[in-house]
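Undergrad: Provided herewith is a single structure, encoded as structure tokens, for subsequent inquiry.
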Amino acid sequence: MANPLLNDKAMGLGNLDQPNNTWAPPTTEPVTDGPISRWDGGIMTVRGTASATLMLLVLLIASATVTWMSIDEPLPGGVIQFPTGWVIGGFIVALIAVLVGTFKPHLAKFVAPVYALAEGVVVGAISRAYSEAYSGIVMQAVGATLGVFVVMLLLYRSRVIKVNDKFRRIIMGAMLGLMAFYLVSFIFGIFGNMPSFINDASPLGIGFSVFVAGLAAFNLALDFDTIERGVANKLPAHMEWYCALGVTVTLVWLYLEILRLLAKLREQ
């Protein structure tokens with residue numbers, strides 16, 4: 001799914017690419033112990049956002065690990081008893097947490113950990129199912145996700161990728177188009193006519209997965225840009241959790257898309 005969180009309207013940021021809205025990243029950053037020690041007051045910092053993001057990822061991985069270990073061994077024939085109820089419940093709770101965080105950014109410090117724990121259930125169950133079908137694929141997907149994150153961060157910091165209004169419009173337009181496509185596909189799927197290339201290993205299916213994974217990767221650049229602008233505009237400290245939630249949503253999306261892509265490549 002696309003990242004619904006990090007947008008200028010919710011962050012309270014204007015169009016900083018216009019001539020009358022110039023800005024520059026701060027040359028100094030206030031010393032902070034991170035978001036854990038300052039729930040109220042203070043201003044947003046890169047260090048605090050990174051600390052909050054790391055905490056959410058730790059919670060998500062812990063939840064995913066517990067879920068993974070709670071699933072019974074496959075039945076004879078390799079059939080895994082997929083915990084459908086857990087996945088649906090976790091997805092609903094995670095979706096509610098994201099929506100609350102989107103419309104009430106000051107509550108992000110409370111709902112972000114809830115999202116991480118609930119989404120961890122979903123990620124853990126899905127990862128276990130993929131692992132049983134394709135040995136070693138989960139570690140490959142985790143490594144690829146980490147690699148993409150580092151590469152995108154380096155490209156953003158070195159300004160090889162320049163996030164401006166045109167870049168934002170292209171990425172946001174592509175994400176909206178993708179969500180509309182998924183919605184239409186879901187409706188057709190109810191009648192048994194979902195496009196097969198979404199999940200099959202045909203050249204078109206692989207190309208589609210590459211496009212979606214690439215879109216998720218470029219969405220990270222938007223996340224980095226929003227964090228940088230939030231710090232430059234001295235937004236309240238609770239926005240660290242809001243941005244951390246947005247980055248975590250993007251990373252989960254990227255990981256699941258890479259997992260799907262690797263599975264398709266295994267079937268070639």
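The values are calculated or read from the model by the stated rules, or taken from the named source; none is laboratory data. Fair warning: this is a prediction, and the values are worked out from it, not measured in the lab. Don't worry about glycine lacking a Cβ; one is built from the backbone with ideal geometry, like all the others, and counts go over all protein chains shown.
Undergrad: List the number of the failed condition for Arg159; all other conditions in (1) under 20 Å from Val247 (Cα atoms); (2) surrounded by 11 or more Cβ atoms within 10 Å (Cβ to Cβ) hold.
TA: All conditions pass for Arg159, except number (2).
Undergrad: Out of all the residues in region 43-59, is one or more modelled with pLDDT under 50, assigned to a helix (DSSP H, G or I) and farther than 30 Å from Ser131 by Cβ?
TA: Checked against the condition, which is being modelled with pLDDT under 50, assigned to a helix (DSSP H, G or I) and farther than 30 Å from Ser131 by Cβ, region 43-59 yields no hits at all.
Undergrad: Oh, and also: Of all residues being part of a helix (DSSP H, G or I) and at pLDDT below 95 in region 130-150, which is surrounded by the most Cβ atoms within 10 Å (Cβ to Cβ)? Just the residue, please.
TA: Among them, the one singled out is Tyr130.
Undergrad: Look through region 163-204, keep the residues that are in a loop (DSSP other than H, G, I, E, B) and in contact (Cβ under 8 Å) with a residue 12 or more places away in the chain, and return whichever of them is nearest to the chain's Cα centre (by Cα).
TA: Of everything passing the filter in region 163-204, Val163 is nearest to the chain's Cα centre (by Cα).
Undergrad: Select from region 101-121 the residues that are under 13 Å from Thr65 (Cβ atoms) and of a type in the set (A, V, I, L, M) and write down the one among them that is surrounded by the fewest Cβ atoms within 10 Å (Cβ to Cβ).
TA: Result: Leu117.
Undergrad: Given (1) modelled with pLDDT under 95; (2) over 25 Å from Trp86 (Cβ atoms); (3) not acidic (Asp, Glu), where does Phe224 come up short, assuming only one miss?
TA: (1)
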